[in-house]
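See structure below.
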Amino acid sequence: MRQSDFNNRVDQVQFMGQILECKCDNCKYSKKDIYLGYGMVPGIFYFPALDLHSKKVIYIDIIDLAEVVERRHLTIISAKVNKQQGDGKIPYFVKGMFKKGLIKDIPISSSPLYLQRKNNYCPKCGKYRLAFAEIGLFD
Ligand SMILES: [Zn+2]
């Protein structure tokens, strides 16, 4: 595999609207229809998040939390993420929402809008046993 093939794949994954589901293999919590990526409405970018109030996985618009610094290079504005967290909504790319382990698969979404498939924080049981999986696309 050439390096360019790998990069193309990452870009494609990151900039497509995907429908995800999540499942915890500890407490069996699950949720379907979580959106990731650009929606039909311009200027919206959905990303999975934890809602502390309802203790559920939701998706939120994070377009204001990230800034395009170069072509296709995003940087996260930490002050805005902090405000979002103050409102009880924590996107899954935030440190502490996932546990880095022996993960060899390509993440669903690459850094800085990082989303890994396994070892994510479960809102119900509080263990890092939540897995995300792609179940479809939207546009
Ligand atoms: Zn759980």
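The values are calculated or read from the model by the stated rules, or taken from the named source; none is laboratory data. Because the structure is a prediction, the values reported are computed rather than measured. Every residue, glycine as well, gets a Cβ built from its backbone with ideal geometry; the counts of neighbours run over all protein chains shown.
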Evaluation of His53 against (1) on the phi < 0 side of the Ramachandran plot; (2) exposed (fewer than 13 other Cβ atoms within 10 Å of the Cβ); (3) part of a loop (DSSP other than H, G, I, E, B); (4) modelled with pLDDT under 85 (one fails), failing number: (4)
Selected residue [at pLDDT below 90 and either more than 20 Å from Gln116 (Cβ to Cβ) or within 16 Å of the chain's Cα centre (by Cα) (or both)] from Gln18, Gln85: Gln85
Among all residue pairs at least 6 apart or on different chains, which show Cβ distances below 9 Å where the first residue, located in the range 118-139, is under 22 Å from Tyr38 (Cα atoms) and more than 7 Å from the ligand (Cβ to nearest atom) and the second is small (Gly, Ala, Ser) and part of a loop (DSSP other than H, G, I, E, B)? Leu137/Gly17; Phe138/Gly17; Phe138/Gly39; Asp139/Gly17; Asp139/Gly39
Within the range 82-139, the residues that are surrounded by 14 or more Cβ atoms within 10 Å (Cβ to Cβ) and among the β-branched types (Val, Ile, Thr) are Ile90, Val94, Ile108
Collect the residues in the range 72-90 that are hydrophobic (A, V, I, L, M, F, W, C) and assigned to a helix (DSSP H, G or I), keeping them in residue-number order. Ala79, Val81
Selection over the range 25-49 where residues are closer than 12 Å to Ile62 by Cα and either among the small types (Gly, Ala, Ser) or in a strand (DSSP E or B) (or both) yields a count of 11
When restricted to Phe45, Phe93, the only residue farther than 19 Å from Asn26 by Cβ, among the aromatic types (Phe, Trp, Tyr) and modelled with pLDDT of 90 or more is Phe93
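Here are some residues: Ile19, Ile44, Ile62, Ile58. Which one is touching a residue at least 12 places away in the same chain (Cβ under 8 Å), within 16 Å of the ligand (Cβ to nearest atom) and in contact with a strand residue (DSSP E or B) (Cβ under 9 Å, 6 or more places away or on another chain)? Before the answer, list the steps.
Numbers: Ile19 fails: within 16 Å of the ligand (Cβ to nearest atom); Ile44 fails: within 16 Å of the ligand (Cβ to nearest atom); Ile62 fails: within 16 Å of the ligand (Cβ to nearest atom).
Matching residue, one of Ile19, Ile44, Ile62, Ile58: Ile58.
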